[in-house]
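Novice: The following block contains the structure, expressed as structure tokens.
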Amino acid sequence: MYFQKKRCIAMLLAGGQGSRLKVLTQKTAKPAVPFGGKYRIIDFPLSNCVNSGIDTVGILTQYQPLELNEYIGNGQPWGLNKTHSCAQVLPPYERHDKKSGWYKGTANAIYQNIDFIERFDPDYVVILSGDHIYKMDYAAMVEYHEKHNASCTIAVREVPLKEASRFGILNTNPDGTIYEFEEKPKKPKSTNASMGIYVFNWNVLRDALIADEDDETSANDFGKNIIPNLLNSGHKMMAYTFDGYWKDVGTIDSLWEANMELLGKDPEFNIRGDERRKIYARNNALPSSYIDDHAKTINSFIAEGSEVYGTVRHSVISVGCTVGEGALVEDSVVMPGVVIEPGAIVRHAILGENSRVCRNTVVGGSFEPEEKKQISVTSKGSVVEAGIVLLPGEML
Amino acid sequence: MNIMGIIFANDGSLGALTTKRTMASLPFGGRYRQVDFALSNLAAAGVRHVGIVTRHNYQSLVNHVGSGEEWGMDLEEGGLEYLTPYAMSTTDNYRGKLESLHSAMAFLEYGAEDECVVMIDASVLSNIDLKDVIASHIASGKDITVVTKAGICNGSRKIDLTMKLDDQKNITDMAVDYEAPADYLASMDIYVLSKKWLIKQVKEHIAHNLYHMDRDLVLGQWQKGLITVNPYVFPGVALFTETVEEYYHNTLALVDKTVRHDLFGYNHPVYTKVRDRVPTYYGEDCEIEGCIVADGCILEGKAENSVLFRQVTICAGAEVEDCVIMNDTVVGEGAELKCVILDKDVVVRPGAKLIGTPNNPIVVKRGDIV
């Protein structure tokens, strides 16, 4: 079979459980969690790839892959199903040697798929993860990497000092070269946080992966092992500063916040882009939405296939939802296919896919602006039975 | 049984709305084009070999339907074909359905395994279970099945083909281009017939300079007692569009829950070309009441009893009532619109005022600035 040589391909790490999303990832891998009314988290890195001219993407899956695999399919929604493009799902597999088994860490996941990468004989490999909401031109980062003749380039962004110890922190020289990498440091020396987006020269990465696999003490992780090892062995590593919107949606609170940041006349994150840089998603053959005579829709995102008879304020209503007459939805994220029956009240909540809030029930509560908001969550397919009250911060 | 589908794209009869498009590619219901219904009906019945007959202005149609990917019809074998007129055809251009089929004989004769043909027009919209129609056709043993709808004829509306049934469901009268009384059934321009029989009929008719499907084949042959006709009465919603006024009322009919749910939900989904627009944003002070809204709109003003297509902008202070607003149109601040059909890419200047009436809606053509 003929494989076209690629200058650059992407490997997308999508196998993590995302346990901090609690009930939302009980049956779904984090990258398949719905976002923004009609998207799933993985749509953002995948669309970024396509919009950056990267047409070959390996997607490493492990945890609860059914929905994620279905969603990716043959890559058609992102235009990755053409003769010389692909969205290839790469699950762990059995091997002739003793090295088979689950992906032990992020580096091991790539290691186990060296053969996939070799087919395209790439100069550069971009490593991405499936847990962030952002729009980024990876091509510009690869240009930067090439221009500086680096072995590895890491995307960084400024984070507040008090949050820096949650990230991998890069300490750089004035010319942008990295001299030190600290994974989640207690006393961070800078506020340059790694975004978990790496560009590698493939030959450098391949050798590093093989060496890492031979080291039995290694955790086989990019942040803990591969990056520090390359730095110690004298490779030129660059930091690439990205200052656009970027949000880790790994927790209930951050997922809720990121959805809220889509709202407003001048939103913090504007998904609308120019015509040629759209965020693509798998389509749900649903009709246009219907907003009833008695409905009120205020400062909200409402996706196609929804029917609104009640009041929706400062919320994201996803595809195929129903908000019944007299119901109130406020400051909430309503995932696809949810039914909110007449008279129900939903505040500060994330309602999981296809869940149902029965008549006259109450989910969540109100908070003062400066108060910490406790988000109530319903899991996929769950039913908040009539008369039940789901308290602020409670999960079903 | 293998079924072949033939969709007639139909020339436009809606003035400015169809000067540059066929009836098939006329936008409908916020995110659709009329042809989506015919294609989705065929797709849901498992039909995977479909020809689209078209003769004028088919650029927008080809652009929309493409390879048929959205309907699962981009296949190695069979799949979707465009039956456009040949420049060197024996006639100048098609005069009727039979003539168009005659010049597409290669398509008809291809694929010996297709036993049955479903012919369907793009201008009558329904969500119909064609498997049931085909089963009825086979059970009837008749030559041709015509799908009909009660309650369309009213004595003043001119319908392509109408028929009257007695209590035993036998046809007692049939008429073409007739302002039939209310007790007549209107043909939905959906026919089921055997492929072999159709090919024979097409050849016979063309040889005798007959080309009109309804007049010559169905009515003419039935009157002479040469063919048998099985009327299938469709119980669901069917929207007939021949005039601007009908288009306007059919579009606004979607605000009615029964119409909307029948057309989009009961049998199967209706597929259309994916545009990847973001969800619609409803602003802080917008008032949207009784509206059908597609993705990608930015709504800051007021809209009532209207259908808003993809990426429509209604600025603050604008008031829209009983309107049909197609893709990418912008209604400026303080503008006031009532009973208006705005085609794609129209700009309504701030403060502009356009007032039509339900029986005579104003039509603003594509790309105009008013």
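The values are calculated or read from the model by the stated rules, or taken from the named source; none is laboratory data. Everything quoted here is computed from the prediction, not taken from an experiment. For neighbour counting, all protein chains shown are included, and Cβ atoms are generated from backbone atoms with ideal geometry for every residue, glycine included.
Novice: Picking from B:D343, B:D295, which residue would you name as being more than 11 Å from chain A (Cβ to nearest Cβ), touching a residue at least 40 places away in the same chain (Cβ under 8 Å) and under 23 Å from B:R33 (Cβ atoms)? I'd like the intermediate steps shown before the answer.
Specialist: Values: B:D295 fails: more than 11 Å from chain A (Cβ to nearest Cβ).
Only one candidate passes the filter, namely B:D343.
Novice: Give me the pairs, please: first residue somewhere in segment B:219-238 and in contact (Cβ under 8 Å) with a residue 60 or more places away in the chain, second residue anywhere and surrounded by fewer than 19 Cβ atoms within 10 Å (Cβ to Cβ) and among the acidic types (D, E), beta-carbon distance under 6 Å, and either six or more positions apart or on two chains.
Specialist: Listed pairs, sorted by first residue: B:G236/B:D262; B:V237/B:D262.
Novice: Further question on the same structure: Tell me, please, whether a residue that is without any contact (Cβ under 8 Å) to a residue 40 or more places away in the chain, in a loop (DSSP other than H, G, I, E, B), surrounded by fewer than 19 Cβ atoms within 10 Å (Cβ to Cβ) and under 25 Å from the mean Cα position of the chain (by Cα) can be found in segment A:325-346.
Specialist: No - not one qualifying residue is present in segment A:325-346.
Novice: Which is hydrophobic (A, V, I, L, M, F, W, C), modelled with pLDDT of 95 or more and farther than 22 Å from A:K135 by Cα, of A:L13, A:L46, A:L90?
Specialist: Answer to the selection: A:L90.
Novice: Are any of the residues in segment A:267-283 polar (S, T, N, Q) and at the interface with chain B (Cβ under 7 Å from one of its Cβ atoms)? Write out each step before concluding.
Specialist: Going residue by residue through segment A:267-283, those that are polar (S, T, N, Q) are A:270, A:283.
With at the interface with chain B (Cβ under 7 Å from one of its Cβ atoms) added as a condition, the list becomes A:283.
Yes: segment A:267-283 contains one or more residues that are polar (S, T, N, Q) and at the interface with chain B (Cβ under 7 Å from one of its Cβ atoms).
Novice: Another question, then. Can you say whether B:T251 is among the hydroxyl-bearing types (S, T, Y), assigned to a helix (DSSP H, G or I) and within 12 Å of chain A (Cβ to nearest Cβ), as far as the supplied structure shows? Give the derivation first.
Specialist: Details: among the hydroxyl-bearing types (S, T, Y): yes; assigned to a helix (DSSP H, G or I): yes; within 12 Å of chain A (Cβ to nearest Cβ): yes.
For B:T251, the condition - among the hydroxyl-bearing types (S, T, Y), assigned to a helix (DSSP H, G or I) and within 12 Å of chain A (Cβ to nearest Cβ) - is met.
Novice: Please report, ordered by residue number, the strands (runs of 3 or more DSSP E) entirely within segment A:80-198 with at least 3 residues that are free of Cβ contacts under 8 Å to residues at least 40 places away in the same chain.
Specialist: Numbers: elements: A:86-90, A:124-129, A:132-134, A:152-158, A:168-172, A:178-183.
Once the strands (runs of 3 or more DSSP E) in segment A:80-198 are filtered for at least 3 residues that are free of Cβ contacts under 8 Å to residues at least 40 places away in the same chain, what remains is A:86-90.
Novice: Based on what the data block shows, is A:E353 more than 8 Å from every other protein chain (Cβ to nearest Cβ), without any contact (Cβ under 8 Å) to a residue 60 or more places away in the chain and under 30 Å from B:V274 (Cα atoms)? First the steps, then the outcome.
Specialist: Numbers: more than 8 Å from every other protein chain (Cβ to nearest Cβ): yes; without any contact (Cβ under 8 Å) to a residue 60 or more places away in the chain: no; under 30 Å from B:V274 (Cα atoms): yes.
So A:E353 fails the test.
Novice: Can you pull out the residues in segment B:267-309 that are among the charged types (D, E, K, R) and closer than 23 Å to B:N250 by Cα?
Specialist: Just the residues of segment B:267-309 that are among the charged types (D, E, K, R), to begin with: B:273, B:275-277, B:284-285, B:287, B:289, B:295, B:300, B:302, B:304.
Once the filter is applied, which keeps residues that are among the charged types (D, E, K, R) and closer than 23 Å to B:N250 by Cα, segment B:267-309 yields B:K273, B:E289, B:D295, B:K302, B:E304.
Novice: If you don't mind, there's one more thing I want to ask. Residues being in contact with a Phe, Trp or Tyr (Cβ under 6 Å, 6 or more places away or on another chain) and over 22 Å from A:D55 (Cα atoms): count how many of those fall in segment A:73-105.
Specialist: Within segment A:73-105, residues that are in contact with a Phe, Trp or Tyr (Cβ under 6 Å, 6 or more places away or on another chain) and over 22 Å from A:D55 (Cα atoms) number 1.
Novice: Restricting to segment B:160-174, name every residue that is crowded, with 23+ Cβ neighbours inside 10 Å and of a type in the set (V, I, T).
Specialist: B:T162
Novice: For segment B:262-276, how many residues meet the condition of being assigned to a loop (DSSP other than H, G, I, E, B), at the interface with another protein chain (Cβ under 7 Å from one of its Cβ atoms) and under 25 Å from B:P235 (Cβ atoms)? Even if it seems obvious, please write down each step before you answer.
Specialist: The first filter runs over segment B:262-276 and keeps only residues assigned to a loop (DSSP other than H, G, I, E, B), leaving B:265-276.
From what's left, at the interface with another protein chain (Cβ under 7 Å from one of its Cβ atoms): B:269-271, B:274, B:276.
Filter once more, keeping what is under 25 Å from B:P235 (Cβ atoms): B:269-271.
Selection size over segment B:262-276: 3.
Novice: So which of A:T251, A:T241 ends up being hydroxyl-bearing (S, T, Y) and touching a helix residue (DSSP H, G or I) at 6+ places or on another chain (Cβ under 9 Å)?
Specialist: Numbers: A:T241 fails: touching a helix residue (DSSP H, G or I) at 6+ places or on another chain (Cβ under 9 Å).
Among A:T251, A:T241, only A:T251 is hydroxyl-bearing (S, T, Y) and touching a helix residue (DSSP H, G or I) at 6+ places or on another chain (Cβ under 9 Å).
Novice: Just one of (1) touching a His at 6+ places or on another chain (Cβ under 7 Å); (2) facing another protein chain (nearest Cβ under 9 Å) trips up A:I302, so point out which.
Specialist: (1)
Novice: Let me ask you something else. Residues in segment A:284-297: is at least one under 20 Å from A:T378 (Cα atoms), hydrophobic (A, V, I, L, M, F, W, C) and either within 12 Å of chain B (Cβ to nearest Cβ) or surrounded by fewer than 24 Cβ atoms within 10 Å (Cβ to Cβ) (or both)? Spell out the reasoning first.
Specialist: Our first condition is that a residue be under 20 Å from A:T378 (Cα atoms); within segment A:284-297, this holds for none.
No: segment A:284-297 contains no residue that is under 20 Å from A:T378 (Cα atoms), hydrophobic (A, V, I, L, M, F, W, C) and either within 12 Å of chain B (Cβ to nearest Cβ) or surrounded by fewer than 24 Cβ atoms within 10 Å (Cβ to Cβ) (or both).
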